[in-house]
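Undergrad: First the structure, then my questions, so here it is.
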Number of protein chains: 4
Amino acid sequence: MTEIPRERGRVPGSTMDEELDVSYAKQMLDTYPRSFNLDAGLLAAAIDALADCGQACDACADACLGEQDVANLVKCVRLNLDCADVCATTKRVLSRQTEYDANVTRALVQACVASCKACGDECEQHGEHGMEHCRVCAEACRRCEQACTQLLEAMNA
Amino acid sequence: MTEIPRERGRVPGSTMDEELDVSYAKQMLDTYPRSFNLDAGLLAAAIDALADCGQACDACADACLGEQDVANLVKCVRLNLDCADVCATTKRVLSRQTEYDANVTRALVQACVASCKACGDECEQHGEHGMEHCRVCAEACRRCEQACTQLLEAMNA
Amino acid sequence: MTEIPRERGRVPGSTMDEELDVSYAKQMLDTYPRSFNLDAGLLAAAIDALADCGQACDACADACLGEQDVANLVKCVRLNLDCADVCATTKRVLSRQTEYDANVTRALVQACVASCKACGDECEQHGEHGMEHCRVCAEACRRCEQACTQLLEAMNA
Amino acid sequence: MTEIPRERGRVPGSTMDEELDVSYAKQMLDTYPRSFNLDAGLLAAAIDALADCGQACDACADACLGEQDVANLVKCVRLNLDCADVCATTKRVLSRQTEYDANVTRALVQACVASCKACGDECEQHGEHGMEHCRVCAEACRRCEQACTQLLEAMNA
């Protein structure tokens, strides 16, 4: 089987140093042709956290559907689906720098914080009762909520 | 400024070892409650490559819009937008294991290969003429095309 | 050529009466197995307006890219892309009734109002200068902004 | 309560004539600044059918989650989620005319036909056993499958 390296955004030919951890989001910001106001590190961290959280939520909704006890996981599926959608859209809007609109961005990131909070709270409960996929997803939601909150603070500073 | 670590999927409390590179996609597959037929490593690699490519394409479309010479980048923007959408949907479908449908999955991954090929070809040309965001995006498209092709081969084996 | 009727949601076999105008969104709400708090008519109107606005924004971004004067339409393209994404996600969240979360929904609909306002303002200007696709898109944005605002008012009542 | 008219794409000030049924998809095609190869009527019909099917699938997944017997509807939820995503992306790609790529479009529409077929088959069964939301959703899937098939035939002619 051909091996695909697991690391993302590895700069080709780079040695084992911090360059290894540069995500595509950060590389794309670093090559953006205009200047932009937000801190590139905070922005890339938010975009990466949104990508992780969106994927984890899609996978967690599916894993809940795969559980024998699906009837008790309906709320979790629903919040996962919402959070996956909101993260996906917030990620796309934050990936755009050209003709940035602060009002739209701020309102959307706030909605995303609400969505990550609701989904993280629900998943955390199931994670504490042995649902491992919910535990992992709750972690992704918490990190995304944190990254979005920090971005909001930077936007309002 | 509070630091957000750049690494994704870091297992909390893990030491600096290979655990660091386990993406959320792989963690979610590892905690999925049922069995599934596809190789988890290939599948996680494809999901991660789709996430990276989708983000890079969204950002590249935006970077092209930020270039002075946008009129000569219209084809690139269009292919980026399509590729971002196709990668996002393919990522979501591959993130679902429950009641897997081989026909739908195969047809969609084939469409994704076509989209990554078209966008990668276009971006590569601009990358060779100094558009750094196109060079990075072309790399993400090539890796995604490769990961999807390997997954298709495994599905057909 | 086989004819596909243009009307949406036409109930098969129905005669030319008001049934003809029942959208799929309304039909799906009418067959939802549980009760829900929001007014079905307002909700269906918002979902339909979001679908129309999302599609118009995707098409308007593309039409702007097809204009000779694309360099002067970059802001319009960007706002169109954001609005298309935000409308698509808001539509999906509003299409879900099970385990409704008022905080997430309200924040997202507010973000959608901001997005429709920004995009509608921009498109309206270009529409007044002869860009017909911008004129049509501005109309879709205004209707969507209005439908979302009315839904928010009902949620807060 | 303020009334929002249910009809979509109503041309303001128009009298009760066939103008009433012109969807935004068709209006956007009619105002596109370049020429395009595909028949505008077929294309608009496909875009409208994709919008309807995507919305019905999102709502049907949610309605299934709201059923007491959700455990027997897991396959339906999964196929609904896939079909909603594939329709949404196919709709966006078909809404773009600028720098059309036949390979990407054809592969994606084929994937969409497969998805509508799989979801329509599943929903139809549940619809025959009294699930009204599945019956409505099956109808939307069949219409979308038909519209996409007709578009494919026109593309290959």
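Every number in this text was worked out from the coordinates using simple rules, so none of it is lab data. These numbers come from a predicted model, not from an experiment. Ideal geometry is used to build each Cβ from the backbone, glycine not excepted, and the neighbour counts take in all protein chains shown.
Undergrad: How many nanometers, to one decimal and shortest first, lie between the label point of C:P33 and those of its other copies, if labels sit 7 Å from Cα toward Cβ?
TA: Reported distances to equivalent positions: 1.8, 5.1, 5.4 nm.
Undergrad: Dividing the Cα radius of gyration by the Kirkwood radius, what Rg/Rh value follows for the stretch D:105-157? Before the final figure, lay out the partial values.
TA: Details: Rg = 12.3 Å, Rh = 11.3 Å.
Rounded to two decimals, Rg/Rh equals 1.09.
Undergrad: The stretch A:8-156: percent of C-alpha pairs farther apart than 26 Å? It would help to have the intermediate numbers written out before the result.
TA: On the way: 3450 of 11026 pairs.
For the stretch A:8-156, the fraction of Cα-Cα distances above 26 Å is 31 percent.
Undergrad: For the stretch D:128-145 and the stretch A:107-157, compute the distance between their C-alpha centroids and round to whole Å.
TA: Centre-to-centre distance over Cα atoms comes out at 35 Å.
Undergrad: In addition: Please report the net charge: other residues with Cβ closer than 12 Å to the Cβ of D:A107, K and R +1, D and E -1.
TA: Details: positive: B:R106, B:K117, D:R106; negative: B:D82, D:D101.
Computed value for this residue: +1.
Undergrad: Fewest Cβ neighbours within 10 Å first, please rank B:Y100, A:Y24, B:Y32 accordingly.
TA: Working: B:Y100 16, A:Y24 27, B:Y32 20.
Least crowded to most crowded, the residues run B:Y100, B:Y32, A:Y24.
Undergrad: Hey, another quick one. What angle, in degrees between 0 and 90 and rounded to the nearest 10, separates the Cα long axis of helix A:74-94 from the longest principal axis of the Cα atoms of chain A?
TA: The angle comes out at about 10 degrees.
Undergrad: Straight-line reach from A:K75: which lysines have Cα under 16 Å away, leaving out those fewer than 8 places along the same chain?
TA: Answer for A:K75, where 16 Å is the Cα cut-off: A:K117, listed by chain and number.
Undergrad: Continuing with this model, one more query. Helix-derived [θ] at 222 nm for the protein assembly as shown: sum -39500 (n - 2.57) over DSSP H runs of at least 4, divide by residue count, nearest 500?
TA: Computed ellipticity for the protein assembly as shown at 222 nm equals -23500 deg cm²/dmol.
Undergrad: Whole-Hz Karplus ³J(HN,Hα) for the stretch D:131-147, in order, using 6.51 cos²θ - 1.76 cosθ + 1.60 and θ = phi - 60°, x for Gly and Pro?
TA: My calculation for the stretch D:131-147 gives 7, 5, 5, 5, 5, 5, 5, 4, 4, 5, 5, 4, 5, 5, 4, 5, 5 Hz in order.
Undergrad: What do you get when you divide the Cα radius of gyration of the protein assembly as shown by 2.2 N^0.38 Å, with N the number of residues?
TA: 0.88
Undergrad: Compute, for the stretch D:8-156, the length of the dipole vector about the Cα centre, with Cβ point charges of +1 (Lys, Arg) and -1 (Asp, Glu) only. Units Debye, rounded to 20.
TA: Taking the Cα centre of the stretch D:8-156 as origin, the dipole is about 460 debye.
Undergrad: Now for a different question. Around C:D82, what is the net charge, scoring Lys/Arg as +1 and Asp/Glu as -1 over all other residues with Cβ under 10 Å from its Cβ? Don't jump to the answer; show the numbers that get you there.
TA: Working: positive: A:R92, A:R96, C:R78; negative: A:E99, A:D101, C:D85.
Combined, the nearby Lys, Arg, Asp and Glu give 0.
Undergrad: Still on this structure, please answer the following. Evaluate peptide C:130-138: per residue, the Cβ atoms of other protein chains within 10 Å of its Cβ; return the mean as an integer.
TA: Average neighbour count from other chains, rounded to a whole number: 3.
Undergrad: Quantify how strongly other chains surround peptide C:28-37 by giving the mean number of their Cβ atoms within 10 Å of each of its Cβ atoms.
TA: Working: counts 14, 3, 3, 11, 8, 10, 6, 1, 1, 0.
Shielding by partners across C:28-37 averages 6.
Undergrad: If you don't mind, there's one more thing I want to ask. Applying the Karplus parametrisation 6.51 cos²θ - 1.76 cosθ + 1.60 with θ = phi - 60° to the phi angles of the stretch D:50-55, what ³J(HN,Hα) value in whole Hz is obtained for each residue in order, glycine and proline being reported as x?
TA: Result, rounded to whole Hz: 5, 5, 5, 5, x, 5.
Undergrad: In which sequence would D:D69, C:D21 go, from the one with the fewest C-beta neighbours within 10 Å to the one with the most?
TA: In order of increasing Cβ crowding within 10 Å: D:D69, C:D21.
Undergrad: So how do D:M131, D:M28 line up by other beta-carbon neighbours within 10 Å, fewest first?
TA: D:M131, D:M28
Undergrad: Here's another thing I want to ask about it. Across peptide C:140-146, how many C-beta atoms of other chains are within 10 Å of each residue C-beta, on average?
TA: Details: counts 5, 0, 0, 6, 0, 0, 2.
Counting other chains' Cβ atoms within 10 Å and averaging over C:140-146 gives 2.
Undergrad: A further question follows. What residue among C:G66, C:G54, C:G120 has the largest mean-square fluctuation in a Gaussian network model of chain C, using Cα springs under 10 Å?
TA: Sorting by GNM fluctuation, first place goes to C:G66.
Undergrad: Tell me the relative contact order for chain C as a rounded percent, counting alpha carbon contacts under 8 Å between residues six or more apart.
TA: Values: 173 pairs, mean separation 36.0, N = 157.
This gives 23 percent for chain C.
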